[in-house]
Amino acid sequence: MPEKTEQTETSSDSYEPRIVAFFCNWCTYLAADLAGTSRMKYAPNARVIRVMCSGRVDPQFVLDAFAQGADGVLIGGCHPGDCHYQEGNYKALRRYKMLKRVLDDLGLEEERLRLEWISAAEADKLRDVMDEMAEQLSALGPAQLEVSEEDLEAMSAVEEVTA
Amino acid sequence: MSETAMNGDSRIGVYVCHCGTNIAGTVDVEAVAEFAGGLRGVAVARTYKYMCSDPGQELIKQDIRDNNLQRVVVAACSPSLHEATFRRATEEGGINPYYFHMVNIREHDAWVHEDTDEATVKAKDLIRAAVHRVRFHKPLERQKVDVNPDVMVVGAGIAGIHAALTLANAGKKVYLVEREPSIGGHMAKFDKTFPTLDCAACILTPKMTEVGAHPNITLWTYSEVEEVDGYVGNYKVKVRHRPRFIIEEACVGCLECIEVCVFRRGKTPDEFNLGLSKRKPIYIPFPQAVPQIVTIDPDTCIEFRTGKCKKTCVEVCADRNAIDFQQTETFDEVDVGTVILATGFKTFDAKRIPYYGYGRYDAVYTALEVERLVNSSGPTEGQVVLRDGRKPESIGIVHCVGSRDRNTNTYCSRVCCMYSLKLAHLLKERTGAEIYNFYIDMRTPGKDFEEFYNRVGEEGVHFIRGKVADVYPEGGDSERVVLQAEDTLLGRMRKIPVDMVVLATGLEPQADAEEVRRTFNITCASGGFFMERHPKLAPVSTFTDGIFLAGACQGPKDIPDTVAQAGAAAAEAMALIDARFVEMDPNTAYVVTEDCSGCKTCIPLCPFSAISRVEGKAEINPILCKGCGTCVAACPSGAIRQNLFEDEEIYEEILGVLAHA
């Protein structure tokens, strides 16, 4: 892994969970845009990484996020049947189910990984999911995960089975 | 992972937009820029009031030239608004446009958070992620594809008709597909149109005839789109033609077959008149139908049901032989470059609000039924008579049926106030009855609409501000029903007995809107209507390039707005056609052949059949690839990569957003 040197000031004493959110370009990313245009307010914990489709979310992205210190990962895609690419969200669902098992083996609580279908019109749902996840993760406390490079490699072997 | 693309000496420019106070009001932009300036590889970090303005873009171009920038990051609004702007600026500055990355600190940050510290930390995290990622960006080129000049218009109500005619008159070839036996849509059912009281048929039928006769329009009625394949400029559309059991080319519309049908009178509820009259098994929906071709309904035709009909229709058509009981559905597959969806709306089913008594009390009608009653080509030839033959002496019009109601639809259907006023005027004119409008708010936002409202008030129509809570029979020998509502201006309960109730039903998406949406890959907006690309700046475009929207399929609207939108959709289609080609975003997947093990995992994953196996290795056709990245995520050997969403770019973003702890 490359450097990890740049430091921002750590916000406050109280624990703030850190969420990495992978949002598809056509539904959930736009729902987040709409939430903004509508000036809805929600918890500031998530950092959105835009992908074209939830199907682009490699299970390793999720594992890597946890390995880098995320307390939770949120994947947002189009509703079943509404995928801009027809069925990428189903692939995301399949990988999500696999990841759930892997994360359980790693001792991570179920709430830490979430997959949500949020359409471009559902800004309110996006807000609710953001708030709910931040609240749940706050209650859980920081994710306790120690993953070595070897573990990560072993996990990529798991991935092959479920691709 | 290794840093192949650039080393730590890269020269990155970071630009943080104030967006007036939109961003700067919540995010400490100066602190963010200062922070960005300290990130590895960042040569320049600036803030500017409006990055999208010409001077803002000029800043980028100037820095690329003066400071020899190699990468550009702009933190501003959503990429859906200005990604293209800044890519262009980057390119004009002299480097590849894909050496740019955009950070959304407005919609995703400043506008959704209140605490400046939290919003500022988030902005820094997002910018750090972008700075990390942009180092790995590669120079990319947009691919040009030709645009087929032919257009398909789906739905031939006033929206589809207007769009088709606009295009056809400009010399474009148009396929116009309509599922009903005739074009015309809802507008053909109306008597008059508000607020001018133009006769709907008088203004619509000339356009319908023009469509039917236009050399550039291929009109397919009684037909539906079955399948859509392809991409902008190059769609392949499969259309299914339902059998009407008439050879269309042979039928001249003499209608003699209807005359001689063994059914002396109609027995089937007439769809066009909403069941207020009966039609025969062989019929034409209305006198001005286009095309003038009869249709046989196999569910009620005796020949279809028993095979023992005298077939008087065939006899009378002996010279032309247009009737063909053996006809089956047929298909056509056409190539078009663009599609305009104008599939319209359906009216709210009034039975869903049981206390209004629709379907239970004969006195209760929907507004569309009343449109037919007042129409001189309707079931009563324009005579307003009740189901029991009486002429109404008092009429109640109930507004907002299925609109502005948490139990049904929360949105305002936009047209009901105005058409209620129109019906009030027409009913008053035809019957002289006392007319009571029960409204929540009177909405008349259109040219000459308010004036029309005043006029109807002056004609003696009563207005009661209150939502009708109950409709019940007056009892005794009375045929009347009582409308009960709280008059919120007087502050008391009103119970008004009337002979006739008109329910101003709202507009809803078509019953199969979801299916159509999925066929054409259109995003769903609130209420189930089709979503436009941008509510203000791209109101007829969709997220699927080359597919445009017109009319009420996008949301409730009146005829003037529908026609305006149809013209706009036609213009958008023409802009694509006349450009002759379209540039595709390069976010496609590609295979690093030497890493491919030939396992074939990717091949069934691709919904667009873009991946094939060539000499034991996967190969991706960049024209067919739409860039979802599903195969990339699945490739066990990491041999498939995606432009703009390379693995290392995303890993760097993950690292970037999390690095501050």
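The values are calculated or read from the model by the stated rules, or taken from the named source; none is laboratory data. What you see is a predicted model; the values in this text were computed from it and never measured. Using ideal geometry, Cβ is built from the backbone for each residue, glycine included, and neighbour counts are taken over all protein chains shown.
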Residue satisfying condition, being modelled with pLDDT of 95 or more, farther than 27 Å from B:ASP349 by Cβ and acidic (Asp, Glu), within set B:GLU381, B:GLU450: B:GLU450
Select from segment A:17-61 the residues that are surrounded by fewer than 24 Cβ atoms within 10 Å (Cβ to Cβ), more than 7 Å from chain B (Cβ to nearest Cβ) and hydroxyl-bearing (Ser, Thr, Tyr) and list them in ascending order. A:SER38
Kindly evaluate B:PHE520 against the criterion of being surrounded by 17 or more Cβ atoms within 10 Å (Cβ to Cβ), of a type in the set (Phe, Trp, Tyr) and more than 30 Å from A:CYS24 (Cβ to Cβ). no
Restricting segment B:499-511 to residues that are under 19 Å from B:ARG387 (Cα atoms) and surrounded by 24 or more Cβ atoms within 10 Å (Cβ to Cβ), the one nearest to the chain's Cα centre (by Cα) turns out to be B:ALA504
Please work out which one of (1) buried (at least 21 other Cβ atoms within 10 Å of the Cβ); (2) part of a helix (DSSP H, G or I) is the condition B:ILE340 fails and give its number. (2)
Would you confirm whether or not segment B:201-216 contains a residue that is surrounded by fewer than 19 Cβ atoms within 10 Å (Cβ to Cβ), over 27 Å from the mean Cα position of the chain (by Cα) and among the aliphatic types (A, V, I, L, M)? yes
Selected residue (criterion: farthest from A:VAL51 (Cα to Cα)) from residues of segment B:570-586 that are surrounded by 20 or more Cβ atoms within 10 Å (Cβ to Cβ) and touching a Leu at 6+ places or on another chain (Cβ under 8 Å): B:ALA570
Criterion (hydrophobic (A, V, I, L, M, F, W, C), exposed (fewer than 15 other Cβ atoms within 10 Å of the Cβ) and without any contact (Cβ under 8 Å) to a residue 24 or more places away in the chain) met by exactly one of B:VAL592, B:VAL614: B:VAL614
Within segment B:411-429, can one find any residue that is surrounded by fewer than 22 Cβ atoms within 10 Å (Cβ to Cβ), more than 27 Å from B:GLY185 (Cα to Cα) and without any contact (Cβ under 8 Å) to a residue 40 or more places away in the chain? no
So, of the residues in segment B:257-273 that are acidic (Asp, Glu) and surrounded by fewer than 15 Cβ atoms within 10 Å (Cβ to Cβ), which turns out to be farthest from B:PRO149 (Cα to Cα)? B:GLU259
May I ask you to verify whether B:THR542 is among the hydroxyl-bearing types (Ser, Thr, Tyr), closer than 23 Å to B:HIS162 by Cα, surrounded by fewer than 24 Cβ atoms within 10 Å (Cβ to Cβ) and within 11 Å of chain A (Cβ to nearest Cβ)? yes
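Yes/no per residue for (1) touching a Ser or Thr at 6+ places or on another chain (Cβ under 6 Å); (2) without any contact (Cβ under 8 Å) to a residue 24 or more places away in the chain:
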site	(1), (2)
B:ALA569	no, no
B:ALA573	yes, no
B:GLU583	no, no
B:CYS599	no, no
B:ILE620	no, no
B:ALA633	no, yes
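Condition check ((1) closer than 26 Å to B:PHE520 by Cα; (2) among the aliphatic types (A, V, I, L, M)) across all residues:
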{"residue": "B:LEU204", "(1), (2)": "no, yes"}
{"residue": "B:THR221", "(1), (2)": "yes, no"}
{"residue": "B:VAL237", "(1), (2)": "yes, yes"}
{"residue": "B:ILE247", "(1), (2)": "no, yes"}
{"residue": "B:LYS267", "(1), (2)": "no, no"}
{"residue": "B:ASP270", "(1), (2)": "no, no"}
{"residue": "B:LEU274", "(1), (2)": "no, yes"}
{"residue": "B:PRO281", "(1), (2)": "no, no"}
{"residue": "B:GLN292", "(1), (2)": "no, no"}
Of B:VAL592, B:VAL657, B:VAL632, which residue is aliphatic (A, V, I, L, M), under 30 Å from B:LYS124 (Cα atoms), at pLDDT 95 or above and more than 36 Å from the chain's Cα centre (by Cα)? B:VAL657
Checklist (1) more than 9 Å from chain A (Cβ to nearest Cβ); (2) surrounded by fewer than 20 Cβ atoms within 10 Å (Cβ to Cβ); (3) part of a loop (DSSP other than H, G, I, E, B) applied to B:HIS660, failing item: (1)
In segment B:562-615, how many are hydrophobic (A, V, I, L, M, F, W, C) and more than 14 Å from chain A (Cβ to nearest Cβ)? 18
I'd like the residue in segment A:68-102 that is of a type in the set (A, V, I, L, M), more than 9 Å from chain B (Cβ to nearest Cβ) and under 13 Å from the mean Cα position of the chain (by Cα) and, out of all such residues, is farthest from A:TYR15 (Cα to Cα). A:LEU93
Please give the number of the condition A:ASP124 fails out of (1) surrounded by fewer than 19 Cβ atoms within 10 Å (Cβ to Cβ); (2) of a type in the set (D, E, K, R); (3) within 28 Å of B:VAL632 (Cα to Cα). (3)
In segment B:382-436, which residue that is part of a loop (DSSP other than H, G, I, E, B) and among the polar types (S, T, N, Q) is nearest to the chain's Cα centre (by Cα)? B:SER413
